[in-house]
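J.: Mind looking over this structure? Questions follow.
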C-alpha cells in the first residue's frame, strides 16, 4: 500500500487544523467588524462572495498543478514533477496580477453589476473592502499553488504552521486597524492582505529547499512549458470554470438576498461563516484526497485510489456528523456572538439547523467525490454536472422558493440542499461505474 494509517493521519490531521485556522481569518474579520455596525458586516460579506469567486479560480489551477505533479511523483519522475510545480506557480502569478489590475480599475462597476442596489453605507463598506483585498489576490494565488504542492509531498505540517502565523497576524492587525485606528471594513481588509502576503512570501521561500521532493531550485524561468500547462489546464481549467460559475451563481443568489433587507444579508453572512466550520473536516479531507489519489493514479494503482477514497469518505462522514451535532445544539449561542438584531438572529438559527441536518445526509457524495475524480484526471463531466445543477437546481429553486413562494433566506438555503442532492446522486453513480479510474492513463 502506498499510504499507511500513520501517513494518512500525518496528512489529514494538520489539514483539519489548517482549515480551521484559515476559517478563523474570515471569522475574525466578521466578529470584529460586527462591533462596528450591521452595515459593515453586510458590506464585508457581499464582497467576500466576489473574493471567493477569484480565490476559487486560483485554487482550481493550483489543484490542477498539484494533481499533475502528483502523477509525475507516482511515476517516479521527480524532475518533471518539479518543472510542473514551477509552471503552476508561474501561471498563478501572471494570471493573479492581471486579475488584480482588472479589479482595481473596475471595482465600482463590478460592485454595481453584482450586488446591485443596496443601502449607501453597505455599498461604501463593500467598496473599501474590495479595493484593499484585491491587493491580496497575488499573494493568495502564490500561497494556494505552493500549499497544494506541499500536500502532494505529504507535508501538511508546514502549511499548518504558516496558517498559524497568518491567523495571528490577521487578528493582531484587526485589533490595530479596526479598534485602534477605527477604520472598520477598510482596516479588516488591510489586516487580511498583510497576513496573506506574509504567508505567501514564507511558503514561496520554503519551496527552494532542494531536499523536498518538489522544489523550485533551478526552475526559475519566465517561459511557459506548453506541454505541462496543457496538462495543468486539462484539470485546472474545468475545475476553475466550475468553481467560478458555481460562485457566480452564489453571487446571483446573494443578489436575491440583498433585496430581502439588511437583516437577511447579515444573517446570511453569519450563516456562511458558521456553515464553513460545519463542513471543515470534510474540506480538509477533500484536500488530502486530491494529494493521495493523484499519486495512486500516477503510480498506476487505481484500486488503491478507490480504497483510500472510500476510507477517507467514511472518516469525512463521521467527522461531519459530529460537527453538525455541535452546530445544531449550539446554534443559538453561536449566532448571539455576532450581536445581530433579534430578527436576524432568529433567521440565522433556523438556517443553521437546516444546514447541519443536510450536511450529514448529502455533503460527502456531493463534494468529496468530485475531488476524487479531479485527482484522477476526470474533470470534464463533474464540471458539467456541477454547473448544470448550480444554475438549474440552486438558482432556479432559490428564486422559486425564496422570492415566488416568499420563504426568503430559508428558501434560498433549501434550494442549496436540492442542488446537493442532485449532485450527490450523480457523483455516486459515477464513482461506482469506475470510469474515473481510467482518466489518468492519458498523461
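J.: Looking at 234, 263 in this structure, which one is in a helix (DSSP H, G or I) and within 26 Å of residue 313 (Cβ to Cβ)?
T.: Details: 263 fails: within 26 Å of residue 313 (Cβ to Cβ).
Among 234, 263, only 234 is in a helix (DSSP H, G or I) and within 26 Å of residue 313 (Cβ to Cβ).
J.: Here's a follow-up. Take the range 427-443 and flag every residue that is surrounded by fewer than 19 Cβ atoms within 10 Å (Cβ to Cβ) and part of a helix (DSSP H, G or I). Reasoning before the result, please.
T.: Residues of the range 427-443 surrounded by fewer than 19 Cβ atoms within 10 Å (Cβ to Cβ): 428-429, 432-435, 438, 441-443.
Within the range 427-443, 428, 429, 432, 433, 435, 438, 441, 442 qualify.
J.: Please go through the range 291-305 and pick out each residue that is touching a helix residue (DSSP H, G or I) at 6+ places or on another chain (Cβ under 7 Å) and part of a helix (DSSP H, G or I).
T.: The initial filter retains those residues of the range 291-305 that are touching a helix residue (DSSP H, G or I) at 6+ places or on another chain (Cβ under 7 Å), namely 291-299, 302, 304-305.
Scanning the range 291-305 gives 291, 292, 293, 294, 295, 296, 297, 298, 302, 304, 305.
J.: Okay, moving on. For residues in the range 250-265 being over 14 Å from residue 341 (Cβ atoms) and over 21 Å from the mean Cα position of the chain (by Cα), which is surrounded by the most Cβ atoms within 10 Å (Cβ to Cβ)?
T.: Start the filter on the range 250-265 by keeping residues that are over 14 Å from residue 341 (Cβ atoms), which leaves 250-259.
Those still in the list that are over 21 Å from the mean Cα position of the chain (by Cα) too: 256-259.
Values: 256: 20, 257: 24, 258: 21, 259: 14.
Going through the qualifying residues, I end up with 257.
J.: Another one. Could you say whether any residue in the range 200-209 is buried (at least 19 other Cβ atoms within 10 Å of the Cβ) and part of a helix (DSSP H, G or I)? Outline the logic, then answer.
T.: Just the residues of the range 200-209 that are buried (at least 19 other Cβ atoms within 10 Å of the Cβ), to begin with: 200, 203, 207.
Add one more test, that the residue is part of a helix (DSSP H, G or I), and what stays is 200, 203.
Within the range 200-209 (the criterion being buried (at least 19 other Cβ atoms within 10 Å of the Cβ) and part of a helix (DSSP H, G or I)), the answer is yes, since at least one residue qualifies.
J.: Enumerate the pairs (first residue in the range 163-188 and without any contact (Cβ under 8 Å) to a residue 60 or more places away in the chain; second residue anywhere and not in a helix (DSSP H, G or I)) with beta-carbon separation below 7 Å, excluding pairs fewer than 6 apart on the same chain, so at least 6 apart or on different chains.
T.: Note: pairs meeting the criteria are 177/183; 187/181.
J.: Suppose the filter is in contact with a helix residue (DSSP H, G or I) (Cβ under 9 Å, 6 or more places away or on another chain), under 19 Å from residue 154 (Cβ atoms), in a helix (DSSP H, G or I) and in contact (Cβ under 8 Å) with a residue 40 or more places away in the chain; does residue 288 pass it? Step through it out loud before you land on a result.
T.: Values: in contact with a helix residue (DSSP H, G or I) (Cβ under 9 Å, 6 or more places away or on another chain): yes; under 19 Å from residue 154 (Cβ atoms): yes; in a helix (DSSP H, G or I): yes; in contact (Cβ under 8 Å) with a residue 40 or more places away in the chain: yes.
For residue 288, the condition - in contact with a helix residue (DSSP H, G or I) (Cβ under 9 Å, 6 or more places away or on another chain), under 19 Å from residue 154 (Cβ atoms), in a helix (DSSP H, G or I) and in contact (Cβ under 8 Å) with a residue 40 or more places away in the chain - is met.
J.: Given the structure, is residue 356 under 30 Å from residue 74 (Cα atoms) and either under 23 Å from the mean Cα position of the chain (by Cα) or at pLDDT below 90 (or both)?
T.: Details: under 30 Å from residue 74 (Cα atoms): no; either under 23 Å from the mean Cα position of the chain (by Cα) or at pLDDT below 90 (or both): yes.
No.
J.: Which one of these is out of contact with any strand residue (DSSP E or B) (no Cβ under 6 Å at 6 or more places or on another chain), under 22 Å from residue 304 (Cα atoms) and crowded, with 21+ Cβ neighbours inside 10 Å: 374, 394?
T.: On inspection, the qualifying residue turns out to be 374.
J.: Also, I was wondering about something else. Restricting the search to the range 397-414, which residues are part of a helix (DSSP H, G or I), surrounded by fewer than 23 Cβ atoms within 10 Å (Cβ to Cβ) and in contact with a helix residue (DSSP H, G or I) (Cβ under 8 Å, 6 or more places away or on another chain)? Explain how you work it out, then say what you get.
T.: Of the residues in the range 397-414, the ones part of a helix (DSSP H, G or I) are 397-404, 408-414.
Next, from what is left, pick out any that are surrounded by fewer than 23 Cβ atoms within 10 Å (Cβ to Cβ): 397, 399-401, 403-404, 408, 410-411, 414.
Those that are part of a helix (DSSP H, G or I), surrounded by fewer than 23 Cβ atoms within 10 Å (Cβ to Cβ) and in contact with a helix residue (DSSP H, G or I) (Cβ under 8 Å, 6 or more places away or on another chain): 397, 399, 400, 401, 403, 408, 410, 411, 414.
J.: Working carefully through the options 196, 154, find the one that is assigned to a helix (DSSP H, G or I), out of contact with any strand residue (DSSP E or B) (no Cβ under 7 Å at 6 or more places or on another chain) and in contact (Cβ under 8 Å) with a residue 60 or more places away in the chain. Before the answer, list the steps.
T.: Values: 154 fails: assigned to a helix (DSSP H, G or I).
Of the residues listed, the single one that is assigned to a helix (DSSP H, G or I), out of contact with any strand residue (DSSP E or B) (no Cβ under 7 Å at 6 or more places or on another chain) and in contact (Cβ under 8 Å) with a residue 60 or more places away in the chain is 196.
J.: Against the condition touching a helix residue (DSSP H, G or I) at 6+ places or on another chain (Cβ under 9 Å), crowded, with 20+ Cβ neighbours inside 10 Å and part of a loop (DSSP other than H, G, I, E, B), how does residue 268 come out, does it pass? Working first, answer last.
T.: Values: touching a helix residue (DSSP H, G or I) at 6+ places or on another chain (Cβ under 9 Å): yes; crowded, with 20+ Cβ neighbours inside 10 Å: yes; part of a loop (DSSP other than H, G, I, E, B): no.
No; evaluated as a whole, the condition is false for this residue.
J.: May I pose another question? Determine, yes or no, whether residue 172 is at pLDDT 80 or above and not in a loop (DSSP other than H, G, I, E, B).
T.: On the way: at pLDDT 80 or above: yes; not in a loop (DSSP other than H, G, I, E, B): yes.
Considered against the rule, which asks whether it is at pLDDT 80 or above and not in a loop (DSSP other than H, G, I, E, B), residue 172 comes out as yes.
J.: From the list 103, 91, exactly one residue is surrounded by fewer than 24 Cβ atoms within 10 Å (Cβ to Cβ), in contact (Cβ under 8 Å) with a residue 24 or more places away in the chain, more than 17 Å from the chain's Cα centre (by Cα) and within 20 Å of residue 377 (Cα to Cα). Which is it?
T.: 91
J.: Just wondering, is there one or more residues in the range 326-334 that are touching a helix residue (DSSP H, G or I) at 6+ places or on another chain (Cβ under 8 Å), surrounded by fewer than 24 Cβ atoms within 10 Å (Cβ to Cβ) and touching a residue at least 60 places away in the same chain (Cβ under 8 Å)?
T.: Start the filter on the range 326-334 by keeping residues that are touching a helix residue (DSSP H, G or I) at 6+ places or on another chain (Cβ under 8 Å), which leaves 327-328, 331-332, 334.
The next check asks that each one be surrounded by fewer than 24 Cβ atoms within 10 Å (Cβ to Cβ); those that pass are 327-328, 331-332, 334.
Then keep just the ones that are touching a residue at least 60 places away in the same chain (Cβ under 8 Å); that gives 334.
Taking every residue of the range 326-334 in turn, at least one turns out to be touching a helix residue (DSSP H, G or I) at 6+ places or on another chain (Cβ under 8 Å), surrounded by fewer than 24 Cβ atoms within 10 Å (Cβ to Cβ) and touching a residue at least 60 places away in the same chain (Cβ under 8 Å).
The values are calculated or read from the model by the stated rules, or taken from the named source; none is laboratory data. The structure presented is a predicted model; accordingly, all values stated were derived computationally and were not measured. Note that each Cβ is placed from the backbone with ideal geometry, even for glycine, and that neighbours are counted across all protein chains shown.
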